[in-house]
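Please treat every number below as a calculation from the coordinates, not as lab data. Just so it is clear, the model here is predicted, and its values are computed rather than measured. Reconstructed Cβ throughout: ideal geometry from the backbone, glycine too, with neighbour counts over all protein chains shown.
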Amino acid sequence: MSKVIAICGKGGVGKTTLAALFTRLIIEKKEIRALVIDADPAGGLSLALSLPIKSTVNDLRKEIVATARNKNSGVRSLAAAVDYRLLESLTEHRNIAFLAVGRPEEEGCYCQVNAFLRRSIEYLSEKFDLTIIDAEAGVEQVNRRVISSVDRLLLVSDLSRKGLRVAETVYRVAATSVNFKEAGLILNRVRSEEALSTALTSTGLPHLGSLPEDDTVYSFDASGKSFLELPDCPSLQAARPILQL
Amino acid sequence: MNLFREPIEHLRSYLADAENRNVLQCCSYNSFLTWPEESSLVLQENTAMELGGSEGSLLMILWTEQAGIVRPGRISLAGPDLTETDQAGLPFTQIILARGAFGDEYETCQTLQDALFDTRFRGVSTRFWPDRQKVWNRVSGEALAEGFTLMRCGGTLLKKLQTLPSVEEAEVIFSTESPHDQSLLAPAAQKTQDIMEALLKIYEEINFDCESCEYKEVCAEVAGLKEIHRRLHEEREQS
């Protein structure tokens with residue numbers, strides 16, 4: 001049974017770092033096959049993992065629209081073509097397959113095309129043991145453009161008041177619009193127990209784990225080294241129980 | 001109706017040529033020559049053999065109502081089967097040829113496509129891109145070790161086609177021989193694509209201005225297409 005984890009939160013709080021740490025942990029477990037989706041238009045996960053993007057879901061969206069305008073294709077043919085192109089768009093590394101969503105569509109209504117693509121991504125995701133989604137701030141874009149339900153919604157925040165408020169807002173919106181089994185807060189760049197405790201008392205969100213300040217992660221990030229090469233470090237140790245492999 | 005007369009004739013002459021070159025192997029369907037159906041995703045690291053994809057591929061779905069054209073239950077393979085090569089990738093052509101009592105050409109196309117697209121093989125990832133006549137298979141090392149072959153793949157497809165009420169006879173043809181063989185089959189594939197696109201246009205667009213239609217030449221060449229168009233025109237006027 002495929003499990004889907006979506007990582008949300010304010011920009012710059014460490015969503016991509018957490019997704020990259022998860023991916024690094026998954027490649028240790030050869031028996032687990034994971035689909036890793038970069039749904040953040042900034043596209044940082046590809047850089048963090050040093051995995052090239054072949055083509056994005058948004059590229060496929062453009063292709064579908066162009067095909068529908070220029071050529072007669074049955075719906076079934078189009079669906080098959082999208083499945084073909086999705087597999088072709090995956091960047092594979094050992095037991096990981098990486099897919100980038102790309103920048104959101106420009107003007108125009110793409111609801112039908114998005115629904116079409118979402119079904120194909122869901123079909124693909126079902127074939128994996130685990131799907132990790134590095135999302136935009138809120139989960140509603142994921143819901144609309146990537147996948148209709150998630151098992152675990154991880155709300156990442158640093159210890160800033162703003163970060164925590166965004167996490168709470170994302171949670172409230174998700175509670176009314178997205179199917180999920182579990183949601184909770186992951187606090188990043190935690191320097192001390194005291195700071196952690198202060199942050200937790202200011203929010204009512206369930207706490208699922210914390211990541212410490214970590215020089216190794218910082219140096220990998222700063223130098224552009226692939227997180228897939230990350231040695232054992234405090235962040236990796238902290239991410240392991242959150243991932244629950 | 002025999003819309004695909006020309007591509008089928010081309011196909012027959014290709015198979016005769018492959019036989020002369022001693023690269024053709026054939027067998028007849030039997031119930032043991034099948035493979036378990038199960039949807040699988042094979043990642044690159046588990047792929048032992050790639051058919052089509054970057055190696056080049058062709059896909060054709062052809063049908064006729066005329067007797068004597070289809071060789072019932074025949075599986076033909078031009079080139080090596082999966083156990084007869086040590087290459088990790090092969091060019092791949094897959095052709096389905098069916099005969100039956102097909103009332104509606106559009107529905108026939110959809111039914112045959114569905115049968116093909118819905119047949120999944122355990123340990124094999126298959127993807128189709130019908131508009132580009134592409135097919136791409138990733139065969140896992142496990143499936144190869146367990147004995148998956150194209151003859152079994154063909155047998156499973158024939159078994160599926162036999163379950164369709166409108167299909168009376170079916171035949172499956174594969175080619176793994178060489179990119180050159182794909183170029184030999186390309187004219188038949190192009191003609192098939194022209195006919196399919198014209199057919200889709202006739203059914204999916206309510207446009208009866210034949211003079212301005214981009215498929216005007218295809219309809220003029222292929223017997224039967226104009227007849228379908230006329231019939232649909234009448235049906236729509238009556239409704």
Practice problem: Find, among the GluC sites (Glu not before Pro) in segment B:163-226, those assigned to loop by DSSP (not H, G, I, E, B) with at most 12 other beta-carbon atoms within 10 angstrom. | Solution: B:Glu205, B:Glu214
Quiz item: Which trypsin sites (Lys or Arg not before Pro) from segment A:1-100 combine a DSSP loop assignment with at most 10 other Cβ atoms within 10 Å?
Solution: A:Lys30
Quiz item: By how many degrees, between 0 and 90 and to the nearest 10, does the Cα long axis of helix A:57-70 differ from the longest principal axis of chain A?
Solution: 20 degrees
Practice problem: Run through the DSSP bridge list for chain B and note the antiparallel percent, rounded to the nearest 5. | Solution: 65 percent
Quiz item: With charges set only on the Cβ (+1 for Lys and Arg, -1 for Asp and Glu), what does the dipole of the protein assembly as shown come to about its Cα centre, in debye to the nearest 20?
Solution: 1140 debye
Practice problem: Compare the Cα positions of B:Thr192, B:Phe117, B:Thr83 along the charge dipole of chain B (+1 at Cβ of Lys, Arg; -1 at Cβ of Asp, Glu; about the Cα centre) and return the one farthest towards the positive end. | Solution: B:Thr83
Quiz prompt | Cα-only Debye scattering, chain B: base-10 log of I(q)/I(0) at q = 0.09 Å⁻¹ | solution = -0.39
Practice problem: Compute the signed sum of charges (Lys and Arg +1, Asp and Glu -1) over the other residues within less than 12 Å, Cβ to Cβ, of B:His180. | Solution: -2
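Within 10 Å of each Cβ in A:76-86, how many Cβ atoms from other chains are there, averaged over the peptide? Can you show the working numbers first?
On the way: counts 7, 11, 3, 3, 11, 7, 2, 5, 11, 2, 1.
Mean partner shielding for this stretch: 6.
Would you tally the net charge around B:Gly73, using a Cβ to Cβ cut-off of less than 15 Å, leaving B:Gly73 out, and scoring K and R as +1, D and E as -1? Walk me through the intermediate numbers first.
Working: positive: B:Arg71, B:Arg74, B:Arg99, B:Arg152, B:Lys159, B:Lys160; negative: B:Glu168, B:Glu169, B:Glu171.
My count for the surroundings of B:Gly73 gives +3.
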Practice problem: Could you pull out the chymotrypsin sites (Phe, Trp or Tyr not before Pro) across segment B:1-76 that fall in loop regions by DSSP (anything but H, G, I, E, B) with no more than 14 other Cβ atoms inside 10 Å? | Solution: B:Phe32
Exercise. Work out the mean other chain Cβ neighbour count within 10 Å for the residues of A:96-102 and drop it here as an integer.
Key: 1
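For every other residue with a beta carbon closer than 14 angstrom to the beta carbon of A:Tyr123, add +1 if it is Lys or Arg and -1 if Asp or Glu, then tell me the sum. Please list the in-between numbers first.
Details: positive: A:Arg76, A:Arg85, A:Arg118, A:Arg119, A:Lys127, B:Arg120, B:Arg127; negative: A:Asp83, A:Glu122, A:Glu126, B:Asp118.
With Lys, Arg at +1 and Asp, Glu at -1, the net is +3.
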Self-check item: Antiparallel DSSP beta bridges within the protein assembly as shown, percent to nearest 5
Solution: 40 percent
Quiz item: Could you give the angle, 0 to 90 degrees to the nearest 10, between helix A:111-126's Cα long axis and the longest principal axis of the Cα atoms of chain A?
Solution: 70 degrees
Practice problem: Evaluate peptide B:39-49: per residue, the Cβ atoms of other protein chains within 10 Å of its Cβ; return the mean as an integer. | Solution: 4
Practice problem: Could you state the angle between the C-alpha long axis of helix A:15-26 and the longest principal axis of the C-alpha atoms of chain A, as a value from 0 to 90 degrees rounded to the nearest 10? | Solution: 80 degrees
Quiz prompt | chain A - share of DSSP beta bridges that are antiparallel (%, nearest 5) | solution = 10 percent
Exercise. Determine by what factor the alpha-carbon radius of gyration of the protein assembly as shown differs from 2.2 N^0.38 Å, reporting the quotient.
Key: 1.14
Self-check item: Entries of B:Lys134/B:Lys160; A:Lys10/A:Lys30; A:Lys29/B:Lys134; A:Lys29/A:Lys127; B:Lys191/B:Lys216 with Cα pairs more than 24 Å apart
Solution: A:Lys10/A:Lys30; A:Lys29/B:Lys134
